[in-house]
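The values are calculated or read from the model by the stated rules, or taken from the named source; none is laboratory data. Just so it is clear, the model here is predicted, and its values are computed rather than measured. Cβ coordinates were reconstructed from backbone atoms using ideal geometry, including for glycine residues, and neighbour counts include every protein chain displayed. To get the accessible areas, we keep the full protein, side chains included, count just its heavy atoms, and leave off ligands, DNA and RNA. Shrake-Rupley method; radii C 1.70, N 1.55, O 1.52, S 1.80 Å.
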Amino acid sequence: MSYHSYQIRSREQYDLAYKKSIEDPEGFWADVASNFQWQRRWEKTLEWNFEEPKVRWFSGGQLNITENCLDRHLAERGDQPAIVWEPNNPEEDYRVLSYKELHFKVCQFANVLKNNGLKKGDRVCIYMPMIPELAIAVLACARIGVIHSVVFGGFSAQSIADRIQDAQCCLVITADGAHRGNKEIPLKAVIDDALVQCPSVRKVIVLTRTRVPVSMIKGRDSWWEDEIRKVETQGNPACTAEVMDAEDMLFILYTSGSTGKPKGVVHTCGGYMVFTNYSFVNVFQYQPGDVYFCTADIGWITGHSYIVYGPLSAGATTLMFEGIPTWPDAGRFWEIVDKFKVNILYTAPTAIRSLMGFGLDFVKNKDLSSLRVLGTVGEPINEEAWHWYDENIGKGRCPIVDTWWQTETGGILISNLAGITPAKPAHATLPLPGVQPILVDEKGEELKGNSISGNLCIKFPWPSIIRTTYGDHERCRQAYFATYPGLYFTGDGALRDEEGNYRITGRVDDVLNVSGHRIGTAEVENAINMHTGVVESAVVGYPHEIKGQGIYAYVVYNGGSHEMSLVSKDVVQTVSRIIGPIAKPDKIQFVSGLPKTRSGKIMRRILRKIAEGELENLGDTSTLLDPAVVEEIKKGKL
Ligand code: PRX
């Protein structure tokens with residue numbers, strides 16, 4: 001038996017698989033899904049309409065994703081490394097957890113959660129460093145049907161509180177602190193601040209990592225290690241996997257949109273498992289024994305799908321890295337590749353651009369010959385970065401997969417398959433089997449043929465499509481299914497070249513992509529407006545050499561006579577408090593007013609152009625309430 005029978009190994013097989021997936025999507029996905037361990041087979045492969053929207057894959061099927069990620073590998077590869085972990089500090093020992101060990105630890109921690117009264121359907125917030133216990137916590141939740149909501153370590157107490165309240169989490173799993181480069185992040189202190197506003201949380205489990213002093217509140221907080229000891233004394237290390245319906249919720253992951261607070265994107269058990277596994281095996285062409293290294297954080301969808309669930313369900317060895325690419329120096333990624341003989345490396349354009357800037361000295365003395373496949377994700381990759389990656393890291397012999405997808409899509413939708421379908425610099429290229437992209441114009445008319453650009457939509461469900469936004473289904477409909485009725489709208493613009501390859505050009509809505517992180521302009525504006533003295537603000541993106549996009553804020557301030565350079569720093573600090581350091585504006589320009597139409601709408605198009613340095617050809621400004629303000633803004637451009 002081959003390792004993964006549904007792994008596409010040639011261009012012809014891709015064409016055939018794609019054709020079958022379009023002609024008979026249900027038959028196609030039923031075949032793929034048959035390769036997994038189900039406790040009960042599904043009755044109906046797919047039910048859907050994009051109007052409500054309602055999408056159900058593998059209804060009636062029962063499974064537990066952790067049995068597919070862990071138990072089913074034990075007989076054949078129980079001793080194979082499941083997780084290889086490289087600490088922030090290269091002097092500290094790395095860790096290797098075999099499938100057997102990971103299975104044991106997941107069951108053990110699942111028992112900890114059960115001891116604390118958790119049961120299927122409860123929500124747990126996880127705010128942890130990139131250490132194996134983060135993956136263990138995630139899988140332990142899935143083991144007993146508890147819905148995890150992982151929050152990235154770069155979010156503030158306020159952001160965590162918003163997410164905990166929205167999901168009504170009853171338990172938080174965190175650590176005392178996190179190491180990131182030469183910094184320490186006081187995770188538990190941030191959680192303590194967040195919990196002031198979160199009455200739903202009755203328990204906090206704290207893992208020891210940095211051993212920074214933390215407050216431990218009686219009756220609420222307890223140490224991870226003590227909880228484990230308690231389970232050990234109870235004797236039975238096993239934990240039966242909870243029976244989950246294919247459409248039961250697996251997790252919530254919050255992401256920014258163009259309006260309001262972040263939305264809780266909901267993924268369910270069956271379809272998410274099938275698609276993350278299928279896309280992992282095919283895009284990266286994973287082979288038995290390969291060491292696969294995804295540099296993302298588990299706080300983002302990339303980490304959920306392609307550090308944890310995709311690779312583990314495929315029986316892969318997944319490498320987790322706690323630190324940052326530039327510490328102790330800019331050779332860290334290459335050192336890790338060399339140290340663990342990494343075969344597949346998946347990272348972000350922003351990391352590549354940043355490392356490019358440090359020059360080749362950090363690459364030169366590293367042995368990168370183990371590499372076979374390179375990947376990128378999160379934002380459009382510019383050609384210069386693509387070629388640098390290709391020549392200096394892949395040495396011209398590793399296919400680069402440019403993988404386009406979103407938190408809402410759960411897995412990779414458009415990408416070349418490494419070495420199987422051709423790469424094209426800066427192009428995500430072709431849809432995966434089962435994915436039916438189309439381009440539409442402003443009115444929603446399909447743009448047929450090639451050499452064309454438009455708004456990117458998907459016209460048919462794939463197994464890991466977003467099911468709802470937690471607690472507010474209407475919001476899900478509005479955000480993704482209402483703009484173009486009958487279609488899932490991605491929010492991205494794209495062009496299709498003469499050969500049918502897609503190139504994603506970036507967001508067409510008010511969402512920024514800063515270092516591959518999605519940030520809503522409205523969210524940043526709301527945070528800025530909370531600063532005393534700020535009357536209003538408008539936030540736009542501008543091209544940034546390393547981050548891809550930087551955050552440019554126009555701020556109307558009447559807080560009295562202060563040193564404006566200090567006010568500017570205060571505003572940044574406010575954003576950091578309200579959202580987190582990742583949303584800090586790069587530039588703040590104080591203005592006396594914003595360009596508005598007579599009906600009071602801010603003309604963002606003009607502000608965007610000015611921020612991009614395009615001071616001429618601002619288009620029609622005659623409809624502006626006060627055209628003079630544009631001249632003032634142009635003069636003051638930073
Ligand atoms: O604009 C697209 C961009 O990232 C957005 C999704 O962000 P998020 O949900 O945070 O997920 C990031 C990781 C999957 C998309 O709407 N994006 C993602 N991948 C690419 C990309 N843009 C261009 N090329 C890509 N490969």
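Data for the structure
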item	result
Number of the condition not met by Asp497 [criteria: (1) within 16 Å of the ligand (Cβ to nearest atom); (2) charged (D, E, K, R); (3) more than 22 Å from Gly454 (Cα to Cα); (4) touching a His at 6+ places or on another chain (Cβ under 8 Å)]	(3)
Extreme residue, nearest to Ile352 (Cα to Cα), among residues of the stretch 378-399 that are more than 11 Å from the ligand (Cβ to nearest atom), open to solvent by less than 10 Å² (accessible area, probe 1.4 Å) and not hydroxyl-bearing (Ser, Thr, Tyr)	Ala385
Qualifying position, being under 17 Å from Ile412 (Cα atoms), in a loop (DSSP other than H, G, I, E, B) and within 16 Å of the ligand (Cβ to nearest atom), among Ile307, Ile298	Ile298
Enumeration of residues in the stretch 476-494 that are outside any strand (DSSP E or B) and polar (S, T, N, Q)	Gln478, Thr483
Scope the stretch 404-423; condition more than 14 Å from the ligand (Cβ to nearest atom) and at positive phi; matching residues	Gly419
Out of Ile458, Ile504, sole residue that is closer than 24 Å to Met273 by Cα, in contact with a strand residue (DSSP E or B) (Cβ under 8 Å, 6 or more places away or on another chain) and either within 16 Å of the ligand (Cβ to nearest atom) or in the same structural domain as Thr45 (by TED's automatic domain parsing) (or both)	Ile458
Filtered residues of the stretch 242-277 (kept if away from the ligand (no atom under 16 Å from the Cβ) and either open to solvent by less than 10 Å² (accessible area, probe 1.4 Å) or assigned to a helix (DSSP H, G or I) (or both))	Met244, Ala246, Leu250, Thr268, Cys269, Gly270, Gly271, Met273, Val274, Asn277
Residue match in the stretch 38-59 (condition: part of a helix (DSSP H, G or I) and basic (Lys, Arg))	no
Qualifying residue in the stretch 354-375 (condition: of a type in the set (D, E, K, R), in the same structural domain as Val266 (by TED's automatic domain parsing) and within 16 Å of the ligand (Cβ to nearest atom))	no
Long-range neighbours under 8 Å by Cβ, at least six apart or interchain, first residue within 22 Å of Gln13 (Cβ to Cβ) and assigned to a helix (DSSP H, G or I) within the stretch 401-419, second modelled with pLDDT of 95 or more and near the ligand (Cβ under 7 Å from one of its atoms)	none
Odd one out for Thr521, checked against (1) within 12 Å of the ligand (Cβ to nearest atom); (2) open to solvent by less than 10 Å² (accessible area, probe 1.4 Å)	(1)
Qualifying position, being open to solvent by 10 Å² or more (accessible area, probe 1.4 Å), of a type in the set (A, V, I, L, M) and within 30 Å of the chain's Cα centre (by Cα), among Ile578, Ile528	Ile578
Qualifying positions in the stretch 376-398 - within 19 Å of Gly516 (Cα to Cα) and of a type in the set (Asp, Glu)	Glu379, Glu383, Glu384
Residues of the stretch 594-621 that turn out to be closer than 29 Å to Ser159 by Cα and open to solvent by less than 80 Å² (accessible area, probe 1.4 Å), as a count	6
The lone exception for Gly550 - which of (1) buried (at least 22 other Cβ atoms within 10 Å of the Cβ); (2) under 23 Å from Leu615 (Cβ atoms) it fails	(1)
From the options Leu566, Leu624, residue that is of a type in the set (A, V, I, L, M, F, W, C) and open to solvent by 40 Å² or more (accessible area, probe 1.4 Å)	Leu566
Residue in the stretch 314-330 that is within 16 Å of the ligand (Cβ to nearest atom) and touching a strand residue (DSSP E or B) at 6+ places or on another chain (Cβ under 7 Å) present	no
Qualifying positions in the stretch 417-431 - crowded, with 24+ Cβ neighbours inside 10 Å and under 20 Å from Ile452 (Cα atoms)	His427, Ala428
Ala348 vs. criteria of a type in the set (A, V, I, L, M) and within 16 Å of the ligand (Cβ to nearest atom)	yes
Residues of the stretch 478-494 satisfying the condition of being away from the ligand (no atom under 14 Å from the Cβ) and either more than 18 Å from Val511 (Cα to Cα) or touching a helix residue (DSSP H, G or I) at 6+ places or on another chain (Cβ under 8 Å) (or both)	Tyr484, Pro485, Gly486, Leu487
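Okay, residues lined up against (1) touching a Phe, Trp or Tyr at 6+ places or on another chain (Cβ under 6 Å); (2) surrounded by fewer than 18 Cβ atoms within 10 Å (Cβ to Cβ); (3) touching a residue at least 60 places away in the same chain (Cβ under 8 Å):
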position: Tyr3; (1), (2), (3): no, yes, yes
position: Arg11; (1), (2), (3): no, yes, yes
position: Ser21; (1), (2), (3): yes, no, yes
position: Asp31; (1), (2), (3): no, yes, no
position: Trp42; (1), (2), (3): yes, no, yes
position: Phe50; (1), (2), (3): yes, no, yes
